[in-house]
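Quick notes on the structure that follows.
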Amino acid sequence: MFMTRIARRWAMMSARAKDEQGMALAAVLTFMSAGVLLSAIVASSVVYALQFSTTTRAGVQSQAAAEAGIAAARAGLINGTCVASGNEYTSATAPIYEATIWIPAGTGWARGCPADISSQVRVISTGWAEAPGAAHSDSGDVTHIEAILSAASSPTSLIPSGPAIYAYTGAGFGGSGTLVSVDGSIPDVLLQQGNVNCNGNMSGVANFVVKTGNLSSTGSCTIGGNVWVSGNVEIQGGAVVGGNITGSSASISSTVGGNVWVDGALQVKGGSVGGTVRAGQVTITNGSITGQTWSSTGAAVMSGGSIEGYLNAAGLDVSNGTLSSGFGVWGALCVKNPGAVNIGAASIAKSLTTSGTCTSKSKDPWWSGWSKIQVKSTYTGPITEAPQKPASITVPQWVDFGSKAADYTAATWSGFTVVKMGTVCGAAEFYAALQTFGANPGVVDARTCTKGISFNGGDIQYSTDPNANHNGFTFQNDVAIIANKIDIQGSTSFVGSTGYHNLWLINPDTVANNTPDCNGESFSLGGNFTTPNLNVMMYSPCEIKLASGLNIRGQIFAAASDIAGNATISYIATGLPGYDLGTGLPTTTNYTEADRWVVSQRNITEVP
């Protein structure tokens, strides 16, 4: 019995041991499965992290490369290498990029280089990663960027400015015609360079300036205002200067109404000066000076004539004439032929020359002039300082209007409608252009016209009776006519509708070098051409010819001018858009490629 119990217990313990062994195995298997799963997760995370890291790195590198391409393209635009590079910039070493330049074309964009900075520019750049992403992770390997660069210009302003007549050269300037002021200002005739011979029938109150050169005024040339010349001034014959003269030297045998300032010698030969004189050396031969006179560096020489004001001189040699107010000489005084010399007031001299033909009190004691002369060895200078020479008058530099593409577009002619003519530009075509403008300002771009703008008909309005010979046209607003040839003859009539409108007659200067370049253009207005109610700006890099009888209101800016005797210009400033014709400088900011800014920049998925 006892043994039976032991056997049964042993059997029960054996069965329990077997059950516990099975439970342990299940636990081990469960734990092993969890370990395998955890290892898989870790391995997957490592792989993902590796892919993410390489993709991110590639994206950063390709983005930086594409941005480097944008920078390279901008540098190329600034340095002017766009055309030479074929509007494409690439790199062979890291960062690797390819950037292309695009310009507006219709409603879209086209590969190309901008002609100027008046329009926007598009840059498309592709950059490649130096180290591509891991396998199947190439999304960051390539980046495309589009950048839009701004235009760099400001609205063109129109300032009524400039002289009545500007000529780059004085060649051919005869000084004919009449200048009349419309608004009370004194018209200016400004010549940039050349020796000018004003021998025509010029009249009217005007200032006359020759920046580099000489002036010879003869015949009936009447300059009502002031004269400023860098070189020699000669006034002779019947010529008259109503105002002052400023030059390096001068010879006057006619009439000057104002003062004279010259650095060198002044000769007054039978002529007269109505004001004061300041010169390096003064010689008077039967001439007259009304005001006080300074002969600052050389001895004054007088052989006939008179000086009514006080004479201040470094020396004096007088053989004939009247010194009404006396003199002060800080050098030697030589009196010759004392019987012909009259001294009207107390005078002083540092020394008295008695040798040669110079007399002395002991030689001619009877002369009353000795009592008015004090010889004072300590006298060293003038009692009154000489007036300063006036500052030079600004002569504008040449304006190359037509040298920029924008000069023919609304970019320069703000608010104007531009009509481009064909090859035939007769009365019908010209009238059609005016009709296109309506009551708005417009530009007639007639550069392609075979015969230019050429009329030689009557003044019957084309609108009332269309006919090739009916060359009367009404302008409803401001109009600019740009043509290589302008030849308006006969009784052609351009009429402003109401009030005064501006009319620009322009031969373009296509070379940007601040000098006029006449390349076959021509400009001629006949004597019977009329322009009522119009202010006319005449511009040409060639010579402008105005026939006798022409009466026009406006101004001239040209390489040269030929104005016939009976032509009249009633001066009023009209100017040219974008320039101050008083200086020749632009009125708008002179922007460059470097002034463009980034309007937008974005990453794109595809490139054209």
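The values are calculated or read from the model by the stated rules, or taken from the named source; none is laboratory data. What you are looking at is a predicted structure, and each value in this text was computed from that prediction instead of being measured. Note that we place each Cβ from the backbone using ideal geometry, even for glycine, and neighbour counts take in every protein chain shown.
Can you pull out every residue in the range 382-427 that is exposed (fewer than 12 other Cβ atoms within 10 Å of the Cβ) and within 30 Å of Y310 (Cβ to Cβ)?
Step one: filter the range 382-427 for residues exposed (fewer than 12 other Cβ atoms within 10 Å of the Cβ), giving 383-385, 388, 391-392, 422-424.
I383, T384, E385, Q388, A391, S392 - these are the residues of the range 382-427 that are exposed (fewer than 12 other Cβ atoms within 10 Å of the Cβ) and within 30 Å of Y310 (Cβ to Cβ).
Among the candidates G520, G499, G490, which residue alone is of a type outside the set (F, W, Y) and either within 21 Å of V182 (Cβ to Cβ) or buried (at least 20 other Cβ atoms within 10 Å of the Cβ) (or both)?
Details: G520 fails: either within 21 Å of V182 (Cβ to Cβ) or buried (at least 20 other Cβ atoms within 10 Å of the Cβ) (or both); G490 fails: either within 21 Å of V182 (Cβ to Cβ) or buried (at least 20 other Cβ atoms within 10 Å of the Cβ) (or both).
Step by step, each of G520, G499, G490 is checked, and only G499 is of a type outside the set (F, W, Y) and either within 21 Å of V182 (Cβ to Cβ) or buried (at least 20 other Cβ atoms within 10 Å of the Cβ) (or both).
Kindly establish whether A560 is in a strand (DSSP E or B), out of contact with any Phe, Trp or Tyr (no Cβ under 6 Å at 6 or more places or on another chain) and not assigned by TED's automatic domain parsing to the domain that holds I117. Outline the logic, then answer.
Working: in a strand (DSSP E or B): yes; out of contact with any Phe, Trp or Tyr (no Cβ under 6 Å at 6 or more places or on another chain): yes; not assigned by TED's automatic domain parsing to the domain that holds I117: yes.
Spelling it out, A560 is indeed in a strand (DSSP E or B), out of contact with any Phe, Trp or Tyr (no Cβ under 6 Å at 6 or more places or on another chain) and not assigned by TED's automatic domain parsing to the domain that holds I117.
Can you go through S230, S295 and tell me which one is over 21 Å from G381 (Cα atoms), in contact (Cβ under 8 Å) with a residue 12 or more places away in the chain and either small (G, A, S) or in contact with a Pro (Cβ under 9 Å, 6 or more places away or on another chain) (or both)? It would help to see each step written out before you state the result.
Working: S295 fails: over 21 Å from G381 (Cα atoms).
The unique qualifying residue is S230.
Looking at N535 and the list (1) assigned by TED's automatic domain parsing to the domain that holds T448; (2) under 21 Å from the mean Cα position of the chain (by Cα); (3) surrounded by 15 or more Cβ atoms within 10 Å (Cβ to Cβ), which single condition is not satisfied?
Here N535 clears every test but (2).
Here's the yes/no breakdown for (1) in contact with a Cys (Cβ under 6 Å, 6 or more places away or on another chain); (2) within 18 Å of Q281 (Cα to Cα); (3) surrounded by fewer than 17 Cβ atoms within 10 Å (Cβ to Cβ); (4) in contact (Cβ under 8 Å) with a residue 24 or more places away in the chain:
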{"site": "A299", "(1), (2), (3), (4)": "no, yes, no, yes"}
{"site": "G305", "(1), (2), (3), (4)": "no, yes, no, yes"}
{"site": "L316", "(1), (2), (3), (4)": "no, yes, no, yes"}
{"site": "G339", "(1), (2), (3), (4)": "no, no, yes, yes"}
{"site": "I343", "(1), (2), (3), (4)": "no, no, no, yes"}
{"site": "A349", "(1), (2), (3), (4)": "no, yes, no, yes"}
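Are any residues in the range 129-167 out of contact with any helix residue (DSSP H, G or I) (no Cβ under 6 Å at 6 or more places or on another chain), modelled with pLDDT of 85 or more and surrounded by fewer than 22 Cβ atoms within 10 Å (Cβ to Cβ), and if so, which ones?
H144, E146, I148, S150, A151, L158, I159, P160, S161
Report whether or not A75 is in the same structural domain as T56 (by TED's automatic domain parsing), in contact with a Phe, Trp or Tyr (Cβ under 9 Å, 6 or more places away or on another chain), of a type in the set (G, A, S) and surrounded by fewer than 15 Cβ atoms within 10 Å (Cβ to Cβ). Can you show your working first?
Details: in the same structural domain as T56 (by TED's automatic domain parsing): yes; in contact with a Phe, Trp or Tyr (Cβ under 9 Å, 6 or more places away or on another chain): yes; of a type in the set (G, A, S): yes; surrounded by fewer than 15 Cβ atoms within 10 Å (Cβ to Cβ): yes.
Criteria met by A75.
Looking at the range 351-375, which of its residues are out of contact with any Lys or Arg (no Cβ under 6 Å at 6 or more places or on another chain), surrounded by 15 or more Cβ atoms within 10 Å (Cβ to Cβ), farther than 13 Å from C334 by Cβ and hydrophobic (A, V, I, L, M, F, W, C)?
Hit for the range 351-375 is W367, nothing else.
Is one or more of the residues making up the range 551-573 in contact (Cβ under 8 Å) with a residue 60 or more places away in the chain, under 22 Å from A405 (Cβ atoms), surrounded by 14 or more Cβ atoms within 10 Å (Cβ to Cβ) and in contact with a Pro (Cβ under 6 Å, 6 or more places away or on another chain)?
Restricting attention to the range 551-573, the residues satisfying the condition of being in contact (Cβ under 8 Å) with a residue 60 or more places away in the chain are 553, 555-573.
This time we only want the ones that are under 22 Å from A405 (Cβ atoms), so: 557.
Now narrow it down to the ones that are surrounded by 14 or more Cβ atoms within 10 Å (Cβ to Cβ): 557.
Next, from what is left, pick out any that are in contact with a Pro (Cβ under 6 Å, 6 or more places away or on another chain): none.
So far as the range 551-573 goes, no, none of its residues is in contact (Cβ under 8 Å) with a residue 60 or more places away in the chain, under 22 Å from A405 (Cβ atoms), surrounded by 14 or more Cβ atoms within 10 Å (Cβ to Cβ) and in contact with a Pro (Cβ under 6 Å, 6 or more places away or on another chain).
Given the conditions (1) outside the structural domain of S306 (by TED's automatic domain parsing); (2) β-branched (V, I, T); (3) touching a residue at least 40 places away in the same chain (Cβ under 8 Å), report the number of the one that T246 does not fulfil.
Going through the list (1) outside the structural domain of S306 (by TED's automatic domain parsing); (2) β-branched (V, I, T); (3) touching a residue at least 40 places away in the same chain (Cβ under 8 Å), T246 breaks only (1).
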